[in-house]
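Inspection log for the structure reproduced underneath, given as structure tokens.
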Amino acid sequence: MQKPPIEEQTEEGLTVTPPKSWAAGVPAVRHALAYSLEQTSVRRTALTLLNLNQAAGMDCPGCAWPEPGPDQRHRNEYCENGAKHINDEATSRRITADFFRQHSVSELGRRSDHWLNQQGRLTEPMVKRPGSDHYEPISWHDALGLLAEELGRLDSPDEALFYTSGRVSNEAAFLLQLFARAFGTNNLPDCSNMCHESSGAALNETLGIGKGSVSLQDIHHADLVLVVGQNPGSNHPRMLSALEETKRNGGRIVAVNPLPEAGLLRFKNPQKPGGLIGRGTRIADQFLQIRLGGDLALFQALNLLLLEAEEAAPGTVLDHDFIETSTSGFTEFAEHVRSLSWQDVLTSTGLSRAETEELRDRVLASDRIIVCWAMGLTQQKHGVATIREIVNFLLLRGNIGKAGAGVCPVRGHSNVQGDRTMGIWERMPQVFLDALEREFAFTPPAKHGWDTVQSIKAMLEGRAKVFLGVAGNFARATPDSQVTEKAMRQCRLTAHVSTKLNRSHTVCGETALILPTLGRSDRDIQVGGEQFVTVEDSMSTVHASRGRLEPTSGKLLSEVAILCRLARRTLGESPPIPWEQFEEDYGTIRDRIARVVPGFEDFNARVATPGGFRLPNPVNDGVFHTPTGKALFTRNRFEMLHAPEGHLLLQTLRSHDQWNTIPYAMDDRYRGIHGGRRIVLVNPLDLDALGLSAGDQVDLVGVWHDGLERRAERLRVVSYPTARGCAAAYYPETNVLVPLDSVADTSNTPTSKGIVVRLERSVR
Ligand SMILES: Nc1nc2c(c(=O)[nH]1)N[C@H]1C(S)=C(S)[C@@H](COP(=O)(O)OP(=O)(O)OC[C@H]3O[C@@H](n4cnc5c(=O)[nH]c(N)nc54)[C@H](O)[C@@H]3O)O[C@H]1N2
Ligand SMILES: Nc1nc2c(c(=O)[nH]1)N[C@H]1C(S)=C(S)[C@@H](COP(=O)(O)OP(=O)(O)OC[C@H]3O[C@@H](n4cnc5c(=O)[nH]c(N)nc54)[C@H](O)[C@@H]3O)O[C@H]1N2
Ligand code: SF4
Ligand SMILES: [Mo]
């Protein structure tokens, strides 16, 4: 059982108001400024915000939504949450060695994620030695020496784990994977394993590339955009400006979600004079309130309806030319879909047949269709199958590879896509490894490494002994919190390259290191002068990012510097990689990337142009790198989530006021939750059926076949218009409920959006 942290043991102050039906507008601007000024000075706020997302400025460290071309950019090219993300990093608050003298590791372990983050920026390297309950200062030289020594003591390189999160730049990501492979392992688990892995798996298989195919222009000019399993009002706020543009150009939008999220309903654009007042733009023309995990059934039903429409009026529905010349597997797919049972569809989706038929009619009226999605699809047991079915849907009417149409997995972290492009993947294809070998004259290991879930199991079973996390918060981002924490504590050494304090620093191996680093907003000066880094957004545009702020401490090193020094200490001169030169001048790293990673030819010159450059996506040239050389129709076995009588399906999601594992405040403004996060949203009819009322305090108890009790204690019940049978609670507080073995087929992504729970009244 995981006890609530010290700060959250009383629920005083929690108030609930009706959910909002629109997003952004004046309050958004006010909230952004208030948080920024609470964290830092007017001067630093002005400096960060004026540079945010500008062509010569810094990339927003928030989500991966792209910026418009450099000439179409607004002076304030950011959203409320982007402003909060950057100023959370740019905070003037600092954690010094004194802080760690005052607070023991065990005390910090009882603090909330919010409290830990609010203490400010980490300022110097710290070590927790075996047997001690306190971190103490250590020099960079000794810290990296200690880490190198522990790596050197391992029986096999595969006993080391190198975790990354998608905030890391291309340059640092490239160096991390180079170091890991030169050291001898492909153990490169990353946040993507818990995020869009299902998208990558489905798109790689069916289209031959694991990335989205559309640009902002495509979104603006689509006839129909489906926004599925995504809450853009909170998590990709500027996507709403793009959807507003779609509507202005006459396009239509359909939202598919168990929750009536504010941003999906109506948007007031703070960047437009009329946006701050008035009613704003209605976003969704149709809202399908689907049950958790019902999307596979929905798209199969839609595909069946399209096949039937074609039969009724041959030659008018399907794009026969496209199917004939560019795809394979149509006949088998069509036969499979015809066996679908409508009763199953209705049970799985909770939607009426008429609603699905209305969607079919919208599809039939549209030549150019885009499907956007995020965690609502990827974190499901059958997430990969669902996304493959979406590809089937788009292929039927030739909506792949033409303007205004395509697939749009909306990425999370600002450079999560770039990290993958740079080789952060435990299963990089052999062509990439061969290119590394040619460039650096060593043979990278061919054996696949461990992803996040496999890494946790390896630590649990003593097969992994040293954990290095570069960015992120492994202990909180991962499922099954108690199991994962036990696994991490069994390590010989845990080390984290971080900007801010988080729970992972309190879940220590025998020895633990905190290695504080520069953030995206910090000026980065090396021997070769001032440096910039590069990132790749969700639509494959690669561009530069330059920090502008004076670092809060003179003892911070950049991620690149830390990795170069660690590599030199661990590997020495073998293989002969110019780590020193890389640290002095990041341009020399980009020269190597240009020779190893396809699409990056002439990298330094091309990234110097304002706005950067877009990587090619072969799909848009009608080229599919699949075994048949064509886009693949797939047959996806029907599956749905099922909760036994008296139980609910639970999704774990983000509030408006958090960045992944880090809550900025206790509010979720659009959903009407204020002053607390220990809540569970339940449909009023389910509350009646369960004999519960709004305001009751309950424990959520996980139901899983291994017999282990998983319990999230003391959450307040909120009566909420979510789909029947489908509850929602916040991540990371409820990660304790997601069993380590409950993963998506093929992608191995934890099923954070589909777990079975029972609600028990809390005992005081
Ligand atoms: N402010 C802010 N922005 C962020 C982040 C953040 O934490 N804070 N995180 C970033 C990251 S890493 C990511 S990956 C993205 C995540 O962006 P989202 O995917 O929008 O994030 P979640 O909060 O997990 O919301 C999932 C959405 O899917 C819906 N959903 C859940 N299950 C289902 C389902 O079975 N079917 C359908 N159709 N819908 C479902 C939920 O109701 C919710 O609206 O956001 C990025 N941007
Ligand atoms: N139950 C449940 N679990 C989930 C999810 C869910 O929806 N439900 N979502 C999953 C998803 S989509 C994701 S992406 C993961 C996120 O998992 P992570 O990426 O691991 O988590 P974050 O919360 O983004 O990490 C925050 C920490 O990153 C560090 N940091 C911030 N900026 C920098 C930087 O510039 N450099 C360095 N070195 N460190 C930095 C700070 O110390 C901060 O405390 O969580 C996953 N876990
Ligand atoms: S939409 Fe995403 S990238 Fe853009 S400003 Fe907001 S958080 Fe930053
Ligand atoms: Mo993510």
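First select every other residue whose beta carbon is under 13 angstrom from the beta carbon of Glu583; then total the charges, Lys and Arg +1, Asp and Glu -1.
Its environment carries a net charge of -3.
Loop-only check: which GluC sites (Glu not before Pro) in region 566-615 are DSSP coil with at most 12 other Cβ within 10 angstrom?
Answer by residue number: Glu573, Glu601.
Straight-line reach from Lys20: which aspartates and glutamates fall under 16 Å, measuring Cα to Cα and dropping same-chain residues less than 8 apart?
Glu261, Asp657, Asp667, Asp668
Alpha carbon centre of region 158-230 versus region 433-467: separation in Å?
Each part reduced to its Cα centre gives a spacing of 17 Å.
Please sort by residue number the GluC sites (Glu not before Pro) in region 453-540 whose DSSP state is loop and whose Cβ has at most 15 other Cβ atoms within 10 Å.
When the GluC sites (Glu not before Pro) of region 453-540 are filtered for loop state and at most 15 Cβ neighbours within 10 Å, Glu461 remain.
Taking region 302-381 as the region of interest, what is the percent of Cα-Cα pairs per 10 angstrom bin, listed from the shortest bin to the one with the maximum distance?
Bins of 10 Å from zero give 14, 41, 39, 6 percent of pairs.
Just subtract the alpha-carbon distance of Glu461 and Glu601 from 0.36 nm times their residue separation and send over the number in nm, one decimal.
Computed gain between Glu461 and Glu601 is 46.1 nm.
Compute the length gained on full extension between Ala608 and Asp745: take 0.36 nm times their separation in residues and subtract their Cα-Cα distance, giving the result in nm to one decimal.
Taking 0.36 nm per residue and subtracting the Cα distance, the gain is 45.2 nm.
Using every Cα-Cα pair within region 648-761, state what percent have a distance larger than 20 Å.
39 percent
Mind giving me the FRET efficiency for Leu340 and Asp706? R0 is 25 Å, r the Cβ-Cβ distance, nearest 0.05 is fine.
My answer for the efficiency is 0.15.
From Cα pairs below 8 angstrom and at least 6 apart in sequence, can you work out the relative contact order of region 576-733, rounded to a whole percent?
Taking the mean separation of contacting Cα pairs over the length of region 576-733, I get 20 percent.
Of the options Met194, Leu759, Val717, report the single residue whose Cα projects farthest towards the positive end of the charge dipole of the chain (beta-carbon charges: Lys, Arg +1; Asp, Glu -1).
Sorting the options by dipole projection puts first Val717.
Provide Val535, Val756 in ascending order of the number of other Cβ atoms located within 10 Å of each residue's Cβ, fewest first.
Ascending Cβ contact count within 10 Å gives the list Val756, Val535.
Percent antiparallel among DSSP beta bridges with both residues in region 197-409, to the nearest 5?
That works out to approximately 10 percent antiparallel.
Do you know the relative contact order of region 197-409, to the nearest whole percent, from alpha carbon pairs under 8 angstrom that are 6+ apart?
Normalised by residue count, the contact order of region 197-409 is 32 percent.
Starting from the Kirkwood radius over alpha-carbon pairs of region 575-696, derive D by Stokes-Einstein at 37 °C in a medium of 0.692 mPa s and give it in µm² s⁻¹.
153 µm²/s
Anything over 18 Å Cα to Cα? Flag those among Lys447/Lys630; Lys128/Lys465; Lys381/Lys465, in the order listed.
Lys447/Lys630; Lys381/Lys465, as the Cα separations exceed 18 Å there.
Please identify the cysteines of the chain that lack any partner cysteine with a Cβ under 4.7 Å from their own Cβ.
Cys60, Cys63, Cys79, Cys191, Cys195, Cys491, Cys508, Cys564, Cys726
Restricting to DSSP H runs of at least four residues, report the calculated mean residue ellipticity at 222 nm for the chain, -39500 (n - 2.57) per run over all residues, nearest 500 deg cm²/dmol.
Using -39500 (n - 2.57) per qualifying helix, the result is -9500 deg cm²/dmol.
By average Cβ neighbour count within 10 Å, what is the ranking of 397-406, 439-448 from highest down?
Going from most to least packed, we get 397-406, 439-448.
Suppose R0 equals 41 Å. What FRET efficiency, 1/(1 + (r/R0)^6) with r the Cβ-Cβ distance, do Val431 and Arg761 give to the nearest 0.05?
Approximately 0.10, to the nearest 0.05.
Express in nm, to one decimal, how much length is gained between Asp367 and His141 on full extension, taking 0.36 nm for each residue of separation and deducting their alpha carbon distance.
Here the segment from Asp367 to His141 would lengthen by 75.3 nm.
Using 1/(1 + (r/R0)^6) with R0 = 22 angstrom and r between the beta carbons of Lys402 and Asp285, what's the FRET efficiency to the nearest 0.05?
0.50
Which lysines does Lys272 reach when only Cα atoms under 16 Å apart count, and residues fewer than 8 places away in its own chain are ignored?
Candidates past the 8-residue exclusion: Lys247.
Rounded to the nearest 5, what is the percent of antiparallel bridges among the DSSP beta bridges in region 648-761?
Expressed as a percentage, antiparallel bridges in region 648-761 total about 65.
Projected onto the charge dipole of the chain (+1 at Lys/Arg Cβ, -1 at Asp/Glu Cβ, origin at the Cα centre), which of Gly184, Gly376, Pro130 gives the Cα projection farthest towards the positive end?
The residue sitting farthest along the positive end of the dipole is Pro130.
Which net charge results when you count Lys and Arg as +1 and Asp and Glu as -1 among the other residues whose beta-carbon is under 14 Å from that of Ala365?
Combined, the nearby Lys, Arg, Asp and Glu give -1.
What would the Debye equation give as log₁₀ I(q)/I(0) for the chain at q = 0.06, 0.11, 0.12 Å⁻¹, counting only Cα atoms as equal point scatterers?
So the normalised log intensities are -0.33, -1.25, -1.52.
If you average the sequence gap of Cα pairs under 8 Å that are 6 or more apart and divide by the length of the chain, what percent do you get for the contact order?
Dividing the mean separation by the residue count of the chain yields 22 percent.
Give the lysines reachable from Lys84 as a straight Cα distance under 18 Å; neighbours fewer than 8 places away on the same chain don't count.
Those lysines meeting the cut-off are Lys500.
No value in this document is a laboratory result; all are computed from the given coordinates. A quick note: this is a predicted structure, and the numbers were derived from the prediction, not measured. Here Cβ is always computed from backbone atoms with ideal geometry, including for glycine, and neighbour counts include all displayed protein chains.
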